[in-house]
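The values are calculated or read from the model by the stated rules, or taken from the named source; none is laboratory data. Model, not experiment: these values are computed from the prediction. Here Cβ is always computed from backbone atoms with ideal geometry, including for glycine, and neighbour counts include all displayed protein chains.
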Amino acid sequence: KFSRSVEYKTSGWKLTEDKKFIHITDKTGIGKLKLIGTFNREILDKSTIKRVRLIKRADGFYCQFVLDIERVEPFDSTGKEVGIDLGLNHLLTDSNGDKIDNPRFLRKSEKRLKKAQRKLSKKKKGSQKRLKQKSKVARLHLKVSRQRKDFAVKTAKALIQSNDLVVYEDLKVSNMVKNPKLAKSIQDASWSMFTDWLDYFGKIHGKFVVAVNPQYTSQQCSDCGNIVKKTLSVRTHVCSCGCVLDRDENAAINILARANTVGRTEIQALGQTTHCLLGESLVDKVTG
């Protein structure tokens, strides 16, 4: 009865008393739907549900409930802080020198996607075989999308839970994907999704997450502050002061350091705004 999605606010739907079914009561004719899957039915209260969204995906229909509840899950302080440099060969390199590989889910599925797409192009338009093949292509894309999300969620959550302060570079991804040579790789890395989850888990676990200006983080020496110009092909930072580091680790150290000297910055954490003046240490605020 609808193409991709339909959204309701406080009317047009009704949950059964046991919360196992939802009735769509408007004129779309959708009717009664069974809610399957594992979720906490106790939180589905009429007073907290602000929106209900029905979504059609490649493998079926989904019902989303948007709830107005405060989710706070305090996590033990670790006394640790980390800066992370985002990349394409490695999803991230942190200020301790640790790296997490970029899983490249789209690249790994590209062969199957192209094969499925070729089959689709050969099917007669309007035929059942074409519709069936179109569904197969859509399911392959959906699988990639879910793999990206699952990886981003697990990686972001682990970083937040193991650190009190996480600092990342505020990349302008929308501008970067305009480069046709890098667009697909950048989209496959899903930097924006990953940093969104960092922000989310930071708030619910009561940790500080800061985005800083990425300018010159790769060129600046993390030891002495001098600018050492290098092309993207140069993967080792070598400074006249004697500092020799992996290029991305050097950048990650600079990114962490910028959290302490970002000028007057507003950082959302624990639902509050923390102000840092020039030269004031954010790390001291976190651990003090």
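Rundown of residues vs (1) small (Gly, Ala, Ser); (2) at pLDDT 95 or above; (3) out of contact with any Ser or Thr (no Cβ under 9 Å at 6 or more places or on another chain), yes/no style:
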| site | (1), (2), (3) |
| --- | --- |
| Arg130 | no, no, yes |
| Lys134 | no, no, yes |
| Leu142 | no, no, yes |
| Lys154 | no, yes, yes |
| Lys157 | no, yes, yes |
| Val173 | no, no, no |
Within the stretch 177-208, the residues that are modelled with pLDDT of 90 or more, closer than 30 Å to Val244 by Cβ and either touching a helix residue (DSSP H, G or I) at 6+ places or on another chain (Cβ under 6 Å) or not assigned by the TED database to the domain that holds Val167 (or both) are Phe194, Leu198
Wholly enclosed strands (runs of 3 or more DSSP E) of the stretch 9-70 bearing at least 1 residues touching a helix residue (DSSP H, G or I) at 6+ places or on another chain (Cβ under 8 Å), farther than 24 Å from Ile204 by Cβ and not hydroxyl-bearing (Ser, Thr, Tyr) = 49-57
Do you know which of the residues in the stretch 164-210 that are charged (D, E, K, R) and over 22 Å from Asp94 (Cα atoms) is surrounded by the fewest Cβ atoms within 10 Å (Cβ to Cβ)?
-> Lys181
Answer yes or no as to whether Lys143 is surrounded by fewer than 18 Cβ atoms within 10 Å (Cβ to Cβ), over 21 Å from the mean Cα position of the chain (by Cα) and of a type outside the set (Asp, Glu).
-> no
Matching residues, the stretch 71-105, being in a strand (DSSP E or B), under 26 Å from Asn260 (Cα atoms) and not β-branched (Val, Ile, Thr) = Glu81, Gly83, Asp85, Leu86, His90, Leu91, Leu92, Asp94, Lys99
Does Ala156 qualify as being within 19 Å of Pro74 (Cβ to Cβ) and either hydroxyl-bearing (Ser, Thr, Tyr) or not in a loop (DSSP other than H, G, I, E, B) (or both)?
-> yes
Inspect the stretch 68-90 for any residue being surrounded by fewer than 13 Cβ atoms within 10 Å (Cβ to Cβ), of a type outside the set (S, T, N, Q), free of Cβ contacts under 8 Å to residues at least 12 places away in the same chain and in contact with a strand residue (DSSP E or B) (Cβ under 6 Å, 6 or more places away or on another chain) and give the result as yes or no.
-> no
Conditions (1) in a helix (DSSP H, G or I); (2) farther than 23 Å from Tyr200 by Cα -> Lys124 fails only (1)
Would you mention how many residues in the stretch 241-256 are over 10 Å from Asp85 (Cβ atoms) and either outside the structural domain of Thr231 (by the TED database) or among the small types (Gly, Ala, Ser) (or both)?
-> 1
When the stretch 91-145 is checked residue by residue, the ones that are on the phi > 0 side of the Ramachandran plot and in contact (Cβ under 8 Å) with a residue 40 or more places away in the chain are Gly97, Arg104
Among the residues of the stretch 163-172, is there at least one that is in the same structural domain as Leu256 (by the TED database) and without any contact (Cβ under 8 Å) to a residue 60 or more places away in the chain?
-> yes
Can Gly60 be described as free of Cβ contacts under 8 Å to residues at least 24 places away in the same chain and over 23 Å from the mean Cα position of the chain (by Cα)?
-> yes
